[in-house]
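Encoded as structure tokens, the structure appears first; notes follow it.
The values are calculated or read from the model by the stated rules, or taken from the named source; none is laboratory data. Values in this document were obtained by computation on a predicted structure and should not be read as measured data. With ideal geometry, Cβ positions are generated from the backbone for all residues, glycine too; neighbour counts draw on all protein chains shown. Ligands, DNA and RNA are stripped out before the accessible areas are found, and what is left, the full protein with its side chains, is counted by its heavy atoms. Shrake-Rupley method; radii C 1.70, N 1.55, O 1.52, S 1.80 Å.
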Amino acid sequence: MKAALKLVIKFIKWLVIIVIVVGIAAGSYGGYFLFQLNKELPQDLNELHQPNYALPTIVYDRHGNQIEEMFIHRRIVVPFENFPPHMIQALIASEDSRYFYHFGIDPIRMLKAFWVNVKAKRFVEGASTLTQQTARLFLLTKEKKLIRKLKEILLALRIERQFTKDEILTLYLNKVFLGNAEGVEASAQGYFGKHTEELSLSEGALLVGLLPAPSLYSPLVNPSLAKERRNLVLRRMFEEGFITKEERDFSSQEPVHLSKIYDGASGATAYYVEHVRKYLINKFGSEMLYKGGLQVHLAMDLEYQLYAHEALQRGILEVSRRQGYRRGKEKLKLDTLGELSQRDIHRITHKNQLILGNVVQGVVRKVGKPFTTISLGEEKGWLEWTHLRKWKIPKSGQNRSTIFIKQPSQILKVGDIVQVKLVDWDPSSNGFRLTLHQDPLVNGAALSVDPHTGHVLAMSGGYQYEQSEFNRAIQAKRQPGSAFKPVVYSAALDAGYTLASVLVDSPRYYEVNSENVEEEAWTPKNYGNKLLGSVSLRTALVKSLNLPTIGLVEDLGPKRIIEYAQKLGISAEMENNLTIALGSFSATLEEMVIAFSVFANQGFLIQPIYITRIEDRDGNVLEEYTPVKKRVISEETSFLVTEVMRDVVKRGTGQIAKRIERSSAGKTGTTNNSVDAWYIGYIPQLLTGVYVGFDQPAPMGRRETGARAAAPIWVDFMKAVTRNLPTQRFAQPQGVITVKLHQSGRRAGPCDSDKNIYYEKFKRGTEPLEAPSLSINCNPQKEISVFEKTELEL
């Protein structure tokens, strides 16, 4: 009963429409009604003359390279010329065969649709023209009422008077929703990995076939229905004379190949872009972000970003390899003949994309030297022993200790499901050269800035964004360990110490006020338990000695160090005790990089800048971000700290940094049991920080120090990005002088042997007193007697 009632209502609606349209000129109440209705409609059609499309936010790097789009439904607006003729023909044949002959509405089609629906006793055919659909898309709501249909007709008549047929089609094809995106261009890229002008006849017909119900007919959801709809459109094109029977038959038999345009940089930029997205949505709201067409220009250098992400991944994988191979729990069983089932192998490998560089799943078929055979599905590959021998396994009975394997069978068994990387294709053996891969449990971050502008040129917050969205560059708070020591020594220099000041490296014992009996005393030690006795301030920092550093904090007071660190941009909470000397608090990599940038930037603090400019869809600047400098320490202090950290690279814990083959300054950081590993270093124009550790703090393994786990990542990245950078020197300010000293600490005099002197730098006015007078005769002549002279001559 309800269905019949709905059908009667639809018939009445169409009848009323036809009667009103035909009787417009009756000069009666119908004409007056339409006149009043017309007044309610927009008069200027500005929404069509200047379409306010929902456009994505586009994100660019500092050089204008597009790196991301943010949208709910993607849209790319293109001109009419980009639509291939066969697609226009498909649209006309399927949706409005008399489009080029009617004036916005099609009375013939209305009458026909009415008669077809009456005969069918249900609604099976509509009569909206493409012009009416365009009016609906841009100017009307989706409510299904008679009054809306009348408005649609009136607007269609007006649109036809103000726009050409091609302009109407352009508006329509850029606006319409096609299941995966809005507009044909974005949809073509999403379904086929092509631009609109590259679409084949079959692909264009498939897109047009989606129009009645895009979500239902989507080839991603219902590929068979999408195919049926495509073939229906092709049939209509043939009936309208747009294509030949051969073209129809050929295109109808074509398989549907879906292929999205691949953006190889998206994984590398994900952490940076997500950090920016959070700021934008808080600032502008989701409506503006996803539909407003913002143009966001980042401080990122895409090339640097790619290098940083790749270096971080390589370094983390290397740490993971040293931690030992973890055999997977899943394994294929052998049949009664000792063979693997091909069906089981297919189940594991059928999703593999066998492209060089990809990591895919394989099944171990044979284990041995010099090759271990891996089945990749239809293809096969080999793991060479020269590669496998670099893997380790846990050493029995030794906590966190590992040893190199001696046989492939120590880590691989037939039937094991493994991850392998496709390194190369070997045509001689018709298979892939492989390397063994395992997703790391350890993670890390890298952050690189221009210290003079604060521009964040690269930021990678983890090994892989798809595995974990947690950004370890700005969210992870971890103990910096010895990476904090330059802050302590900087405070000491500002408190009157010099690089030549003598510190004591000797055992220390501190009572602890604690209810825990086991914590009666704190007895800190140096790394390796070595003691050097009396050392200069420079040597204490170069060798990263813990005991002299604690002595400095004890002398200056923890509160003074905390206030000094805050001045350098470290906002982390610190306990007011001596342990802060060893970086016992938790800070982010971003905070530590900010603090080090003060040393690299002659004493100026600059907050990091991720976004340089934001524009609206018309190019008007909404926000612009320029560096704001604030002097927090003197140029002389920053230079002296840099000078010592250059020495850290030359002869201290950061010697691996010499591999970039140019002068740099830096500091390692390692916490107890190698839970956290850091390296922060810089050249005059670029500063980079690296952190490595487990997300849930745990020891990484013996000797996984900042120098071994983090610094190689820094070197890998810096070698890549400095190839095209000019070599610059750390300029010595006028307020710093170089003085020749005796090894005792006083100024060297003319009588001092070269082997007992060295050069040190001081803030002008803090250098030691003058050396003994130059008038002193260091080698006074002794008179020789005649007897002695005779003996010498003999």
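Residues of the stretch 363-383 that are surrounded by 15 or more Cβ atoms within 10 Å (Cβ to Cβ), part of a strand (DSSP E or B) and not polar (S, T, N, Q): 363, 364, 365, 371, 374, 380, 381, 382, 383.
Go through 216, 201, 234, 150 for me and flag whichever is hydrophobic (A, V, I, L, M, F, W, C), more than 23 Å from residue 54 (Cα to Cα) and at pLDDT below 95.
150
Among the residues of the stretch 636-658, those that are β-branched (Val, Ile, Thr) and either farther than 12 Å from residue 598 by Cβ or open to solvent by 10 Å² or more (accessible area, probe 1.4 Å) (or both) comprise 644, 648, 649, 653, 656.
Candidates in the stretch 711-736 are the residues that are among the aliphatic types (A, V, I, L, M) and open to solvent by 30 Å² or more (accessible area, probe 1.4 Å); of these, the one that is farthest from the chain's Cα centre (by Cα) is 731. Would you confirm, using the coordinates I've provided, whether residue 448 is touching a strand residue (DSSP E or B) at 6+ places or on another chain (Cβ under 6 Å), in a strand (DSSP E or B) and at pLDDT 95 or above? Against the criterion (touching a strand residue (DSSP E or B) at 6+ places or on another chain (Cβ under 6 Å), in a strand (DSSP E or B) and at pLDDT 95 or above), residue 448 qualifies. Scanning the stretch 667-693 for residues that are among the β-branched types (Val, Ile, Thr), touching an Asp or Glu at 6+ places or on another chain (Cβ under 8 Å) and open to solvent by less than 10 Å² (accessible area, probe 1.4 Å) yields a single hit, 692.
Counting only residues that are polar (S, T, N, Q) and under 25 Å from the mean Cα position of the chain (by Cα), which one in the stretch 574-591 is most open to solvent (accessible area, probe 1.4 Å)? Only one residue tops the list, namely 586. Residues that are open to solvent by 60 Å² or more (accessible area, probe 1.4 Å) and touching a helix residue (DSSP H, G or I) at 6+ places or on another chain (Cβ under 7 Å) do not occur anywhere in the stretch 327-339.
When you check residue 559 against the structure, is it among the basic types (Lys, Arg), under 37 Å from the mean Cα position of the chain (by Cα) and under 23 Å from residue 496 (Cα atoms), yes or no? Here the answer is no, as residue 559 does not meet what is asked. Scanning the stretch 737-755 for residues that are open to solvent by 40 Å² or more (accessible area, probe 1.4 Å) and farther than 21 Å from residue 641 by Cβ returns 740, 743, 744, 746, 747, 750, 751, 753, 754, 755.
Flag set for residue 708, criterion: without any contact (Cβ under 8 Å) to a residue 60 or more places away in the chain, open to solvent by 80 Å² or more (accessible area, probe 1.4 Å), within 20 Å of residue 325 (Cα to Cα) and not in a loop (DSSP other than H, G, I, E, B). For the stretch 613-632, the set of residues classified as in a strand (DSSP E or B) and under 20 Å from residue 63 (Cα atoms) consists of 613, 614, 615, 621, 622, 623, 624, listed by residue number. Of all residues assigned to the stretch 518-538, at least one qualifies as being modelled with pLDDT of 95 or more, among the aliphatic types (A, V, I, L, M) and touching a helix residue (DSSP H, G or I) at 6+ places or on another chain (Cβ under 8 Å). Could you please find all residues in the stretch 232-254 being basic (Lys, Arg) and crowded, with 16+ Cβ neighbours inside 10 Å? Once the filter is applied, which keeps residues that are basic (Lys, Arg) and crowded, with 16+ Cβ neighbours inside 10 Å, the stretch 232-254 yields 235, 236, 248. For the stretch 420-431, check the following and say yes or no: at least one residue is in a strand (DSSP E or B) and touching a His at 6+ places or on another chain (Cβ under 8 Å). The answer is yes, given that some residue of the stretch 420-431 is in a strand (DSSP E or B) and touching a His at 6+ places or on another chain (Cβ under 8 Å).
In the set 604, 599, only one residue is open to solvent by less than 20 Å² (accessible area, probe 1.4 Å) and of a type outside the set (Asp, Glu); that residue is 599.
In the set (1) crowded, with 18+ Cβ neighbours inside 10 Å; (2) of a type outside the set (D, E, K, R); (3) in a helix (DSSP H, G or I); (4) at pLDDT 65 or above, the condition left unmet by residue 14 is number (4). Annotation: residue 117 fulfils all but one of (1) among the polar types (S, T, N, Q); (2) outside any helix (DSSP H, G or I); (3) modelled with pLDDT under 65; the unmet one is (2). Checking each residue in the stretch 432-445 for being among the charged types (D, E, K, R) and either open to solvent by less than 20 Å² (accessible area, probe 1.4 Å) or assigned to a strand (DSSP E or B) (or both) picks out only 433. Among the criteria (1) among the hydroxyl-bearing types (Ser, Thr, Tyr); (2) out of contact with any Phe, Trp or Tyr (no Cβ under 6 Å at 6 or more places or on another chain); (3) not in a loop (DSSP other than H, G, I, E, B), the one residue 663 does not fulfil is (3). All conditions in (1) over 16 Å from residue 328 (Cα atoms); (2) part of a helix (DSSP H, G or I); (3) touching a residue at least 40 places away in the same chain (Cβ under 8 Å); (4) not aliphatic (A, V, I, L, M) hold for residue 386, with the sole exception of (3).
Any residue in the stretch 387-395 that is crowded, with 19+ Cβ neighbours inside 10 Å, among the hydrophobic types (A, V, I, L, M, F, W, C) and over 21 Å from residue 318 (Cβ atoms)? No, the stretch 387-395 has no match at all. Filtering the stretch 479-501 for residues that are under 16 Å from the mean Cα position of the chain (by Cα) and more than 30 Å from residue 761 (Cα to Cα) leaves an empty set.
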